[in-house]
Amino acid sequence: MPKKPTILIAGATGSIGNAAALALTKRDARVVLLGRRADKLNAKADRIRGSRTGADVATLVVDFSDMDSVRSAADDALGRFPTIDGLVLSVGAFIQGGPHLLPNGHEVMFATNVIGPFLFTNLLLERLEQSSGLLLHVIAPFDEALNWNDLESLEEHRPMAAFNRTKVCNRLIAGEFARRYARRVPSVAFNPTFVLDKSDPELKNRWPSGFSGIVWRLMAIFRAKPPEVAGEPLAELMLDEGRSSIDGALFVLDKRSGEPDTVMSDEATGRRLWERLEQLTEPAPR
Ligand SMILES: NC(=O)c1ccc[n+]([C@@H]2O[C@H](COP(=O)([O-])OP(=O)(O)OC[C@H]3O[C@@H](n4cnc5c(N)ncnc54)[C@H](OP(=O)(O)O)[C@@H]3O)[C@@H](O)[C@H]2O)c1
């Protein structure tokens, strides 16, 4: 691990990504904040620099729902960062109503949460491999059966169920990365439990509607912890020297889970999803 490792954070303007960025700069890593809005990214970067003298922070604009943007951001990253020592995937969108079909033919939540991060990671794999860069998937332990005839939840679309399916896909892909790139690009899943930045002015736009929304609000009041509860152990993991020994593991905050995650270890479904995502991201990443 170099003295100042370069860690890319997808979803850096969100609660967990921002907390991870702060915790990583505190540990003298160079962080690259990835997000879809340049103004928001720059504001976050300035705040981090203001909170820590000498913080090394760069930004990279990418819209994960748009595969052209993902490809061009990956090219940009490869051109700008000669070594990439880690990639945090903490991008996620929950969108009301729907299905929302994008001009590229994908459903917006599926594209943002699953296809875009899959493509971006694949485009950076070689560079990650050169430094045994750690791939960390922020996951949620939600369960919802996948429908292979309607993987993107276009036909049968209840927002919470559609969102949960994307979360199942994240766990499947986390497990599949670990199997396919065993030790070359160590891959771990990280469950942040329930954290929330209650000062986020955009929070009200992120809640589900109806009964789920009431449950989320009550959980937020009684159960949510501040984002740094996740950011600190996430940063520790990203800078762990023994990365190959944690390949394929699931962490719940700073605790490595003793039990394998049933979704992550489902080889047949993981392979099937990987192959479907390869088809959806043609031409092949490289
Ligand atoms: N918070 C929790 O308790 C918890 C628990 C388990 C799992 N997770 C998962 O962890 C991830 C991060 O959670 P969080 O609480 O930090 O969520 P968040 O605050 O809502 O942040 C989500 C991040 O994703 C970004 N994003 C959304 N759509 C995008 C797009 N099209 N292109 C690029 N970036 C996009 C957001 O950017 P903008 O700022 O531009 O919207 C934001 O940076 C999510 O996948 C979530 O499901 C969270």
Worksheet, complete the sentence: Residue pairs within 7 Å by beta carbon, gap of at least six or interchain, first lying in the range 200-217 and in contact (Cβ under 8 Å) with a residue 40 or more places away in the chain and of a type in the set (Ser, Thr, Tyr), second part of a helix (DSSP H, G or I) and surrounded by 12 or more Cβ atoms within 10 Å (Cβ to Cβ), listed first then second, are SER212/MET160
Worksheet item: Applying the selection to the range 37-62, what residues are touching a strand residue (DSSP E or B) at 6+ places or on another chain (Cβ under 7 Å) and assigned to a loop (DSSP other than H, G, I, E, B)?
Response: VAL62
Worksheet entry | Hey, GLU282 without any contact (Cβ under 8 Å) to a residue 60 or more places away in the chain and surrounded by 14 or more Cβ atoms within 10 Å (Cβ to Cβ) or not | no
Fill in: Among the candidates THR13, THR25, residue that is out of contact with any Ser or Thr (no Cβ under 9 Å at 6 or more places or on another chain) and either part of a strand (DSSP E or B) or at pLDDT 95 or above (or both)
THR13
Discussion item. Can you confirm whether ASP240 is within 19 Å of the chain's Cα centre (by Cα), more than 14 Å from the ligand (Cβ to nearest atom) and part of a loop (DSSP other than H, G, I, E, B)?
Written reply: yes
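Okay, residues lined up against (1) closer than 21 Å to LEU124 by Cβ; (2) surrounded by 22 or more Cβ atoms within 10 Å (Cβ to Cβ); (3) of a type in the set (Phe, Trp, Tyr); (4) in contact with a Pro (Cβ under 6 Å, 6 or more places away or on another chain):
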residue: GLU156; (1), (2), (3), (4): no, no, no, no
residue: LEU196; (1), (2), (3), (4): no, no, no, no
residue: SER199; (1), (2), (3), (4): no, no, no, no
residue: TRP207; (1), (2), (3), (4): no, no, yes, no
residue: VAL215; (1), (2), (3), (4): no, no, no, no
residue: LYS225; (1), (2), (3), (4): no, no, no, no
residue: GLU228; (1), (2), (3), (4): no, no, no, no
residue: LEU234; (1), (2), (3), (4): yes, yes, no, no
residue: MET238; (1), (2), (3), (4): yes, yes, no, no
Discussion item. If I ask for residues that are within 14 Å of ASP85 (Cα to Cα) and of a type in the set (Gly, Ala, Ser), which ones from the range 231-251 would you list?
Written reply: ALA235, GLY242, SER244
Item to complete: Examine the range 74-84 for a residue that is farther than 18 Å from SER131 by Cβ and surrounded by 19 or more Cβ atoms within 10 Å (Cβ to Cβ), and state whether such a residue exists.
Response: no
Worksheet item: Hey, any hits in the range 66-75 for a residue that's within 14 Å of the ligand (Cβ to nearest atom), part of a strand (DSSP E or B) and β-branched (Val, Ile, Thr)?
Response: no
Item to complete: Starting from the range 92-111, take each residue that is under 13 Å from ARG165 (Cα atoms) and among the basic types (Lys, Arg) and list its partners that are within 12 Å of the ligand (Cβ to nearest atom) and not in a loop (DSSP other than H, G, I, E, B), counting only C-beta distances under 7 angstrom and pairs at least six apart or across chains.
Response: none
Worksheet entry | Members of the range 17-36 found to be under 18 Å from PHE120 (Cβ atoms), within 8 Å of the ligand (Cβ to nearest atom) and either out of contact with any strand residue (DSSP E or B) (no Cβ under 6 Å at 6 or more places or on another chain) or without any contact (Cβ under 8 Å) to a residue 40 or more places away in the chain (or both), listed by number | GLY35, ARG36
Discussion item. For LYS204, only one of the following conditions fails: (1) under 30 Å from SER132 (Cα atoms); (2) within 14 Å of the ligand (Cβ to nearest atom); (3) not hydroxyl-bearing (Ser, Thr, Tyr). What is its number?
Written reply: (1)
Worksheet item: Which members of the range 40-58 meet the condition of being more than 10 Å from the ligand (Cβ to nearest atom) and surrounded by fewer than 19 Cβ atoms within 10 Å (Cβ to Cβ)?
Response: ASN42, ALA43, ASP46, ARG47, ARG49, GLY50, SER51, ARG52, THR53, GLY54, ASP56, ALA58
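State all residues of the range 244-286 that are among the hydrophobic types (A, V, I, L, M, F, W, C) and at pLDDT 95 or above; if no residue qualifies, say none.
ALA249, LEU250, PHE251, VAL252, LEU253, VAL263, MET264, ALA268, LEU273, TRP274, LEU277, LEU280
Would you mind finding the one in LEU146, LEU134, LEU154 that is hydrophobic (A, V, I, L, M, F, W, C), touching a residue at least 60 places away in the same chain (Cβ under 8 Å), more than 16 Å from the ligand (Cβ to nearest atom) and farther than 19 Å from ARG183 by Cα?
Working: LEU134 fails: farther than 19 Å from ARG183 by Cα; LEU154 fails: touching a residue at least 60 places away in the same chain (Cβ under 8 Å).
On inspection, the qualifying residue turns out to be LEU146.
The values are calculated or read from the model by the stated rules, or taken from the named source; none is laboratory data. What you are looking at is a predicted structure, and each value in this text was computed from that prediction instead of being measured. For neighbour counting, all protein chains shown are included, and Cβ atoms are generated from backbone atoms with ideal geometry for every residue, glycine included.
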